[in-house]
């Protein structure tokens with residue numbers, strides 16, 4: 001039984017329709033109105049479960065105006081279910097504005113938990129889960145994205161990002177400048193038939209998706225920054241690259257191995273090799 005005049009924030013499936021909760025289904029059936037991010041998208045979900053509750057649109061372009069209308073209906077005693085296209089409203093989806101307004105005006109709000117892409121990707125990635133930061137979508141502009149990443153490079157916690165497939169390569173290019181040899185994962189098509197987890201360094205993931213264009217919405221998970229004691233320097237790096245080559249590694253893999261060992265970027269190791277004085281046995285670039 002729903003409480004009159006309450007806004008119910010409902011998590012909906014991020015891929016597999018079987019992930020919807022019984023409580024959400026009951027709420028969607030019993031509510032007076034469903035506010036949906038995209039009514040065309042949500043209508044397919046409702047038809048699948050034979051739910052005939054009226055729909056109204058609530059998206060980023062009408063959020064402020066529509067929040068006022070929804071608040072008025074709630075004050076009149078209607079019950080409203082708020083849903084986004086997938087996942088939990090308010091998490092990189094519309095919802096925060098009407099929730100904030102309801103809280104300010106003393107209108108009851110309840111959250112019905114369920115599917116969430118960020119947490120699902122985090123657990124699937126195998127990255128540390130004790131401490132993590134969710135950043136959502138990075139800015140699309142190159143300069144603004146770079147400034148954001150600069151502030152994240154030394155965070156000692158797992159980091160989670162959302163990204164659209166057509167922007168994934170550009171985002172990984174931007175990340176490679178700051179996270180380069182850091183362990184990372186790209187999780188695609190969560191809970192769907194072709195769900196995949198791609199793991200490697202940021203550089204390796206960039207190479208993977210430059211060769212094969214990604215499909216489906218993506219989550220990027222970056223391993224925490226681990227402070228490295230300032231042991232060794234350019235001379236040691238050059239020597240260890242040489243030793244790696246002597247063990248049978250190619251120059252690229254030898255530099256990658258040294259960069260990971262010392263917690264520096266591969267470009268720094270490369271520059272050290274360029275700057276090193278010519279000596280017998282010196283690595284040739």
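Taking only Cα atoms, what is the 0 to 90° angle, nearest 10, from helix 234-246's long axis to the longest principal axis of the chain?
Value to nearest ten degrees: 80.
Using Cα atoms only, what is the angle between the long axis of helix 202-211 and the major principal axis of the chain, expressed in degrees (0 to 90) to the nearest 10?
It is inclined by approximately 80 degrees.
Shape call for region 7-115 from the C-alpha gyration tensor, a ≥ b ≥ c root eigenvalues: rounded (a/c under 1.5), prolate (a/b greater than b/c) or oblate?
prolate
Once you keep just the Cα pairs under 8 angstrom separated by 6 or more residues, what percentage relative contact order results for region 166-218?
Taking the mean separation of contacting Cα pairs over the length of region 166-218, I get 41 percent.
How many percent of DSSP beta bridges within the chain run antiparallel, rounded to 5? Mind dumping the intermediate values first?
On the way: 17 of 36 bridges.
So the antiparallel bridges in the chain amount to around 45 percent.
222 nm [θ] for the chain, helices only, -39500 (n - 2.57) per DSSP H run of 4+, per residue, to 500?
-12500 deg cm²/dmol
Per 0.36 nm of contour for each residue apart, how much would the distance between residue 137 and residue 211 grow if the chain were fully extended, relative to their Cα-Cα spacing? Provide the component values of the computation, followed by the final result.
Values: separation 74, 0.36 × 74 = 26.64 nm, distance 2.31 nm.
The span from residue 137 to residue 211 would gain 24.3 nm if fully extended.
In percent, what relative contact order does region 7-115 have, based on Cα pairs under 8 Å that are 6 or more apart in sequence?
Relative contact order here is 44 percent.
Can you give the FRET efficiency for residue 245 and residue 193, using 1/(1 + (r/R0)^6), R0 = 45 Å, r = Cβ-Cβ distance, to the nearest 0.05?
After rounding, the FRET efficiency stands at 0.55.
Roughly how many Å is it from the Cα centre of region 138-189 to that of region 122-137, as a whole number?
Region 138-189 and region 122-137 have Cα centres separated by 13 Å.
Taking neighbour counts of Cβ atoms within 10 Å as a proxy for exposure, in what order, fewest first, do 262, 8 appear?
Starting with the residue having the fewest Cβ neighbours, the order is 262, 8.
With everything on Cα atoms, drop me the angle between helix 251-262 and the longest principal axis of the chain, reported from 0 to 90° to the nearest 10.
Around 70 degrees separate the two axes.
Quote to one decimal, in nm, the extra length available between residue 153 and residue 260 on full extension: 0.36 nm per residue of separation minus the C-alpha distance between them.
The residue 153-residue 260 span can extend by a further 37.0 nm.
Using the Cα gyration tensor of region 109-224, with a ≥ b ≥ c the square roots of its eigenvalues, what is the shape: rounded (a/c below 1.5), prolate (a/b larger than b/c) or oblate (neither)?
rounded
Over region 234-275, what relative contact order in percent results from Cα pairs under 8 Å that are six or more residues apart?
44
Rule-based calculations on the coordinates, nothing more; no lab input. The model shown is predicted, which means the values in this text are computed figures rather than measured ones. Neighbour counts are summed over all protein chains in view; Cβ atoms, including those assigned to glycine, are modelled from backbone coordinates with ideal geometry.
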